[in-house]
Amino acid sequence: MTAPTQPRAPHWWQVRARSEVPGARGKFTWVYLWGAPLRAMHWVAAVCLIALAGTGLYIGDPYFSTGGEASQHYLMGRMRFLHFVAAAIIVMTGIVRVYWLFVGNKFERWPALFPITGKNLRHVVAMVRSYARMTPEQQPHFVGHNPLAQWAYTAVYVAMAIMVLTGFALYGQSNPGGMIYVLFNWVNAAVGGLQNARLLHHVFMWFFFIFVPVHIYLAVRSDYIERGGIVSSILTGGRFIPSDESFEDYEATRAVTSEWPAAGHPEQRP
Amino acid sequence: MYRPSAVPWSPGAPLGQHLEERGVSRRDFLTFCTEMCAVLGVAQTMIPRVAQALQDIRRPSVIWLQLQECTGCVESVLRTAEPTIGDLVLDVVSLDYNHTLMAGAGHAVEQALQDAMNANKGKYVLVVTGSVPLSEGGIYTMIGGRTAETILREAAAGAAAVVAVGACAHFGSVQSARPNPTGAVGVRDIVKDKPVLVVAGCPPIGDVVTASLVHYLTFGRLPEADSEGRPLFAYGKRIHDQCPRRAHFDAGQYVEVFDDEAARKGWCLYQVGCKGPATFSPCPIFQWNTRTSWPIGAGHPCIGCTERNFWDTMSPFYGRLPGVSGFGIEQKVDAIGAGLAAGALAGIAVHATATVYHQIKRRKATGELPEEASHG
Ligand code: SF4
């Protein structure tokens, strides 16, 4: 005898149709945040950063030696070459970013880099509190970066600038009197010698090793909790926000761009 | 071998005549001039001019002050197993006043110094080794009852050219390393109204001093210098860019400890703290003791002694990077960085677990997830 089988409730990790997920219902607005140059810059820089870290670790502390005759190998030479090429490319992305600080939208322009008003600073505290207490429902809502995230990204730009300055200061030494040397040798004097420039370059490498995992984690986490598609915004340029929610940094008209269940769907009929 | 003191240089005689009296052949003399041109990086066509200028010079007055120092520079500059013509030039030009080489002592030599300065006012070359201590009124170095600073200021005022020889005269060397108890400074910190040529190094290479003097005697001015005052012909390139071990550096072949196989094979000393990549000096080319050897040639990493404040900035001498203080003991930056990065990863893992746990609870509360979901 077979009893009529109840439809099994899905496990929490199982994929479900959108209509089965209550939290995903409602009206959404798609907002465009990041211009194409910014997105391209982000990914080019990400690839360069990986190349720079990998080669930089070897240059700073060659973790293995080659055997045989020196004439048969060029390991350190190749590492340095890759390092310099990746550095040149990342500097170019930096130039694009600086240009975009002046022509981008309000989320991309330079004032966005410095959320220093009292309200913003209170939001930084609120963000820290909500991360620490696991209370995402209490955190202030932002369409773009929340002030805490923005300060972290501003710190990345500062760290990047220090890397570029000390990097060029070290690079210029092989050709004293050359252009790079003339433009950047003052950095060595400013930090008290070449070895200190080398140390700074090394210390800020660790800054990136700490920043990158935290950055990826918090982006994925916020996507998981808010379901706004924040991770894909760095690919597509935009994200969804609930049309009826209010945001600290967004006032525009809330034209509904996406709705579930869609108009005409059986579930929507009264 | 030339015998430095067999024939004294009579005051009126030109150098050419003096060398001849000492048994230096014309050929040897021209070889020396050619070498000097190569060292100075001037064109071959200048050799006759250098030779002419050198053989015509009358004995120039050189006053050599030794302030707060260890005499090592004088040893390096004047002592070699076999004196070269360059040593002879140095030897003969530096007789007016030099503590180490003077036979006399006491008030007589201090008077000799005054006499030499007065007689050659505006014409003598002043060579200085040693730093100038400024703390507590400069009492840490007194000669004849006067402070090093007073003596230096007085001697520099009447000098045609000032050459600071050695790391002490360059920036103060070990005396000026933190915490610098005597307040030691270099010559350029005191003498600001005339160009001071800095022959950097602890000790510097004698050839650089010789070549600088030859340049001065030939062209009537000091050679072109970098921002530290070091002559570019000698300090224009990093050791790392002229190093015979560089092929091993580029190939990725490094000495890890001083008695390993790699050390015996003469591989690159980068991993045992070589500061060649941060040091401008002609050591690989000029070398020491009549071109016998030099530190990296002998298997020891460069400690960067031609660079300003090298005792503070280049140490630890056997490590790649400066230590980071402020953690109780000096720590390697990599240990701190790796610790922080591991901490961040652990923090992420804990936070992520807590996030998922809370989110499931929250979604169950809103009915998004069925209460019994996990039991299926
Ligand atoms: S031994 Fe020192 S100077 Fe020579 S190649 Fe190696 S790191 Fe450079």
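The values are calculated or read from the model by the stated rules, or taken from the named source; none is laboratory data. All of these numbers come straight from a predicted model, not from anything done at the bench. Every residue, glycine as well, gets a Cβ built from its backbone with ideal geometry; the counts of neighbours run over all protein chains shown. Ligands, DNA and RNA are stripped out before the accessible areas are found, and what is left, the full protein with its side chains, is counted by its heavy atoms. Shrake-Rupley method; radii C 1.70, N 1.55, O 1.52, S 1.80 Å.
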Condition broken by B:GLY273, with the remaining ones in (1) on the phi < 0 side of the Ramachandran plot; (2) within 14 Å of the ligand (Cβ to nearest atom); (3) surrounded by fewer than 23 Cβ atoms within 10 Å (Cβ to Cβ) satisfied: (1)
Cross-chain or 6+ apart pairs with Cβ under 6 Å, the range B:300-312 first and open to solvent by 20 Å² or more (accessible area, probe 1.4 Å), then in a loop (DSSP other than H, G, I, E, B) and away from the ligand (no atom under 13 Å from the Cβ): B:CYS305/B:GLY201; B:CYS305/B:CYS202; B:TRP311/B:ALA177; B:ASP312/B:ALA177; B:ASP312/B:ARG178
Extreme residue, nearest to A:ALA159 (Cα to Cα), among residues of the range A:68-84 that are open to solvent by less than 40 Å² (accessible area, probe 1.4 Å) and more than 7 Å from every other protein chain (Cβ to nearest Cβ): A:HIS83
Residue that is over 30 Å from B:ALA38 (Cα atoms), in contact (Cβ under 8 Å) with a residue 24 or more places away in the chain and over 15 Å from the mean Cα position of the chain (by Cα), where the choices are B:ALA211, B:ALA159, B:ALA119, B:ALA177: B:ALA119
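In the range B:27-62, what residues are open to solvent by less than 50 Å² (accessible area, probe 1.4 Å) and not in a helix (DSSP H, G or I)? Step through it out loud before you land on a result.
Step one: of the range B:27-62, the residues open to solvent by less than 50 Å² (accessible area, probe 1.4 Å) are B:29, B:32-33, B:36-37, B:39-40, B:42, B:46-47, B:50-51, B:53-55, B:57, B:60-62.
Once the filter is applied, which keeps residues that are open to solvent by less than 50 Å² (accessible area, probe 1.4 Å) and not in a helix (DSSP H, G or I), the range B:27-62 yields B:VAL42, B:ILE57, B:PRO60, B:SER61, B:VAL62.
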Contacts under 6 angstrom Cβ, first residue in the range B:246-265 being within 7 Å of another protein chain (Cβ to nearest Cβ), partner more than 11 Å from the ligand (Cβ to nearest atom) and of a type in the set (A, V, I, L, M), 6 or more apart: B:GLY252/A:LEU75
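May I ask you to say which residue of A:ARG239, A:ARG227, A:ARG254 is open to solvent by less than 50 Å² (accessible area, probe 1.4 Å) and at pLDDT below 95? Spell out the reasoning first.
Working: A:ARG227 fails: open to solvent by less than 50 Å² (accessible area, probe 1.4 Å); A:ARG254 fails: open to solvent by less than 50 Å² (accessible area, probe 1.4 Å).
Matching residue, one of A:ARG239, A:ARG227, A:ARG254: A:ARG239.
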Condition met for B:ASP207 (farther than 29 Å from B:GLU149 by Cβ, away from chain A (no Cβ under 14 Å) and either within 13 Å of the ligand (Cβ to nearest atom) or not polar (S, T, N, Q) (or both)): yes
Hits in the range A:224-238 - residues which are within 24 Å of B:ILE360 (Cβ to Cβ) and in contact with a strand residue (DSSP E or B) (Cβ under 7 Å, 6 or more places away or on another chain): A:GLY228, A:GLY229, A:ILE230
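Criterion first (open to solvent by less than 30 Å² (accessible area, probe 1.4 Å) and either touching a strand residue (DSSP E or B) at 6+ places or on another chain (Cβ under 7 Å) or in a loop (DSSP other than H, G, I, E, B) (or both)) does A:ARG221 satisfy it? Don't jump to the end; show me each part of the working.
Working: open to solvent by less than 30 Å² (accessible area, probe 1.4 Å): yes; either touching a strand residue (DSSP E or B) at 6+ places or on another chain (Cβ under 7 Å) or in a loop (DSSP other than H, G, I, E, B) (or both): no.
Spelling it out, it is not the case that A:ARG221 is open to solvent by less than 30 Å² (accessible area, probe 1.4 Å) and either touching a strand residue (DSSP E or B) at 6+ places or on another chain (Cβ under 7 Å) or in a loop (DSSP other than H, G, I, E, B) (or both).
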Residue in the range B:283-297 that is within 12 Å of chain A (Cβ to nearest Cβ), within 10 Å of the ligand (Cβ to nearest atom), touching a Cys at 6+ places or on another chain (Cβ under 9 Å) and open to solvent by less than 40 Å² (accessible area, probe 1.4 Å) present: no
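Could you list, in sequence order, all residues of the range A:107-144 that are within 13 Å of chain B (Cβ to nearest Cβ) and either part of a helix (DSSP H, G or I) or of a type in the set (Asp, Glu) (or both)? Give the steps one after another, and end with the answer.
Quick first cut of the range A:107-144, residues within 13 Å of chain B (Cβ to nearest Cβ) only: A:128, A:130-139.
Hits for the range A:107-144 are A:VAL128, A:SER130, A:TYR131, A:ALA132, A:ARG133, A:PRO136, A:GLU137, A:GLN138.
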Flag if B:ARG320 is modelled with pLDDT under 90, at the interface with another protein chain (Cβ under 9 Å from one of its Cβ atoms) and within 14 Å of the ligand (Cβ to nearest atom): yes
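Quick one: in the range B:239-261, of everything that is under 15 Å from B:TYR318 (Cβ atoms) and away from the ligand (no atom under 11 Å from the Cβ), which residue is least open to solvent (accessible area, probe 1.4 Å)? Explain how you work it out, then say what you get.
The initial filter retains those residues of the range B:239-261 that are under 15 Å from B:TYR318 (Cβ atoms), namely B:254-260.
From what is left, the residues that are away from the ligand (no atom under 11 Å from the Cβ) are B:256-260.
On the way: B:GLU256: 91, B:VAL257: 79, B:PHE258: 101, B:ASP259: 113, B:ASP260: 30 Å².
Among those that are under 15 Å from B:TYR318 (Cβ atoms) and away from the ligand (no atom under 11 Å from the Cβ), it is B:ASP260.
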Criterion (at the interface with another protein chain (Cβ under 9 Å from one of its Cβ atoms), more than 9 Å from the ligand (Cβ to nearest atom), closer than 23 Å to B:ASN180 by Cβ and of a type in the set (Val, Ile, Thr)) met by exactly one of B:THR313, B:THR306: B:THR313
Pair list, Cβ < 7 Å and 6+ apart or interchain, from the range A:174-190 residues that are facing chain B (nearest Cβ under 10 Å) to residues that are assigned to a loop (DSSP other than H, G, I, E, B) and open to solvent by less than 90 Å² (accessible area, probe 1.4 Å): A:PRO176/B:GLY236
Residue among A:THR135, A:THR93, A:THR117 that is among the hydroxyl-bearing types (Ser, Thr, Tyr) and under 16 Å from the mean Cα position of the chain (by Cα): A:THR93
The range B:128-181: number of residues that are outside any loop (DSSP other than H, G, I, E, B) and closer than 22 Å to B:PHE310 by Cα: 19
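Tell me whether the range B:223-238 contains one or more residues that are within 13 Å of the ligand (Cβ to nearest atom) and more than 18 Å from B:ARG320 (Cα to Cα).
Our first condition is that a residue be within 13 Å of the ligand (Cβ to nearest atom); within the range B:223-238, this holds for B:237-238.
Narrowing the set further to residues that are more than 18 Å from B:ARG320 (Cα to Cα) leaves B:237.
Yes.
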